[in-house]
Each structure stands twice: as C-alpha cells, then as structure tokens.
1. Would you mind putting 39-48, 96-105, 61-70, 209-218 in packing order, based on average other-beta-carbon counts within 10 Å, highest first?
2. Among THR88, THR180, THR153, whose mean-square fluctuation peaks in a Gaussian network model of the chain (Cα, cutoff 10 Å)?
3. Of the lysine pairs in the chain, how many meet both conditions: Cα atoms under 23 Å apart, and a spacing of 8 or more in sequence or different chains?
4. GluC sites (Glu not before Pro), restricted to the stretch 144-177: which are DSSP loop and have at most 11 other Cβ atoms within 10 Å?
5. Only helices at least 15 Å long along their axis, Cα-based, and averaging -1.0 or more on Kyte-Doolittle count here, so list those DSSP H runs from the chain.
6. Describe numerically, in nm with one decimal, the distance between label points set 7 Å from Cα along Cα→Cβ at GLU223 and at LEU105.
7. What are the extents of the Cα atoms of the stretch 4-163 along their three principal axes, in Å, largest first?
8. Please give the direction-averaged projected area of the C-alpha convex hull for the stretch 172-242, in square nanometres with one decimal.
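None of the figures in this text is laboratory data; all of them are computed from the coordinates on show. Being a predicted model, the structure only gives us computed values, none of them experimental. Note that each Cβ is placed from the backbone with ideal geometry, even for glycine, and that neighbours are counted across all protein chains shown.
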Amino acid sequence: KLSNRLQRIHDQIPEGSRLADIGSDHALLPVAAVRSGKAAGAVAGEVNPGPYEAARKQVSDAGLKERITVRRGDGLDVISAGEVDVITIAGMGGALIASILDRGLSKLEEVKLLILQPNVGEDILRRWLLEHHWVVVAEQLFEEDGKVYEIITAMPQELSPIANEEVYRARPLEGGVELTSDLLLRMGPYLTDRPTDVFFAKWESEIVKLQSVVQSISKSDQESSRDKAAEMESHIVNLKEVL
Ligand code: SAM
C-alpha cells in the first residue's frame with residue numbers, strides 16, 4: 001500500500017500515461033501506477049546503486065518487468081526525448097528537482113505533466129517552472145507522520161488552462177495588504193488562495209525559524225550579515241501580514 005504522500009502523487013497521473021519516475025528508490029510509485037492503469041508503462045530512474053537494485057527487485061517481484069524499465073542514471077538522462085508524457089520527481093529538495101529539470105530540458109519538450117514533490121525549496125522550484133514556461137495547475141499541502149509535504153503539478157504553457165500571468169498576479173488581501181508575486185512564489189499561489197490549518201502552521205513555524213536566524217546574525221560584526229538580517233526581517237514582516 002502506498003503512503004498517503006505517494007498515493008496523492010499517483011492520483012494526479014492521468015489514466016494510461018507513459019510515466020517516468022525519477023529518483024524512484026523502491027519503484028513503489030511506478031509499480032502502483034502500472035497496476036492501477038494510471039500508467040500504461042513506466043521508466044524508473046535511479047542514480048544510486050542501492051536504490052537502483054531495490055527498484056529492480058521490486059519490479060521483478062511484482063512481475064512487471066515487461067511494463068516497467070528500471071534504468072540507472074542521473075536525472076532525465078535515463079529517458080529519451082518523446083518517450084514519456086508524465087514525469088514524477090518526489091522526495092528531494094526543490095533545488096535538486098529544478099537542477100534535474102534544467103539539465104534535462106531537451107527531454108521535456110513532449111512532456112505534458114510534471115508532478116513534483118519537493119521536501120524543501122518549493123520557491124526555487126516554482127521560480128524555475130515560471131522561468132521555463134511551465135504553469136502550476138495544482139498544489140497540495142498536507143501533513144503525514146508529523147511532516148509537512150507539498151505537491152506541485154505543472155503543465156507546459158501551451159497546454160495549460162491558465163496563464164502564468166494570472167497564476168502569479170499580485171492580489172490584495174484584507175486589510176490593505178498586497179500578496180505580491182514574490183510571496184506567491186514562496187507560499188504557493190493556490191495554497192495562499194485557499195489557506196488551510198496546515199498552511200498557517202507551516203508558515204508560523206517558518207517565521208519562528210527565520211526569527212532565530214535573524215537574532216543570531218543581526219549581532220554580527222559584518223555589515224553584509226547585518227544587511228542580510230535586515231532583509232530577512234522585512235521578509236518576516238511580509239509573511240506575518242499574509243497570516
Ligand atoms: N521518489 C521516492 C519517494 O518519493 O518516495 C524516493 C525518494 S528518495 C528520498 C530520493 C531518491 O532520489 C533516492 O533514492 C536517490 O538515490 C535519488 N536521486 C537523487 N538524486 C538523483 C538524480 N540526480 N537522479 C536520479 N535519482 C536521484
């Protein structure tokens with residue numbers, strides 16, 4: 001049985017997709033997706049030997065070697081252009097996911113959907129998507145086993161029902177506060193529009209963390225550190241206004 005996190009990713013995959021799951025580890029997601037019919041076939045990519053062997057074993061034990069190819073390699077190196085229409089990348093930092101996408105840009109040309117689950121650095125990932133004409137079409141934020149997870153689903157601009165200009169358009173909040181594009185990139189445009197308890201808890205704890213960093217660096221002898229502290233301080237003020 002899939003974890004709630006992997007199940008949510010699975011559920012975003014359109015029926016009958018040709019799937020690549022990058023950083024697949026035990027290949028749980030492609031196995032479940034092929035079994036459910038979400039994927040007609042799949043590639044499970046792994047760069048590290050341990051997880052690669054674990055993926056091979058899982059696929060073999062499931063009797064799905066005909067439908068799922070396990071390949072060892074870095075990021076999107078394991079697929080060829082036009083081979084898949086959906087890519088999932090889950091359980092890594094947003095900066096690593098963005099760099100995998102960036103290094104595999106030529107493989108993305110015929111891809112219709114990216115389903116991404118960054119553990120941290122969601123803002124870096126959203127910025128990469130925006131700069132490369134991918135539109136976030138759905139976001140999920142949820143808690144599982146005391147950890148908060150985010151899933152970001154994106155489509156190429158030409159297939160998306162909504163434009164990036166619309167998604168990141170600055171909007172007013174109650175009390176004269178403006179939600180800027182910058183805040184939307186950090187906090188998530190859909191998550192901010194429909195904030196849940198998990199959303200508030202996440203950002204309140206983020207503020208506490210930022211405040212303790214500000215405290216320690218604002219006493220620094222170095223001007224650059226004090227400048228950084230001032231910058232973070234204003235970021236905290238912005239965040240607080242949204243909450
Ligand atoms: N995707 C699975 C999940 O969400 O449960 C596994 C997540 S696991 C924490 C991250 C996996 O990504 C590891 O197995 C690691 O070996 C793999 N990985 C890290 N960098 C990678 C890269 N550049 N290319 C392919 N796999 C990578």
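1. Highest to lowest by the protection proxy: 39-48, 96-105, 61-70, 209-218.
2. Its mean-square fluctuation being the largest, the pick is THR180.
3. 20
4. GLU158
5. 197-218, 223-242
6. With each label point 7 Å from Cα toward Cβ, the separation is 3.7 nm.
7. 42, 39, 28
8. If I average the Cα hull's projected area over directions, I get 5.1 nm².
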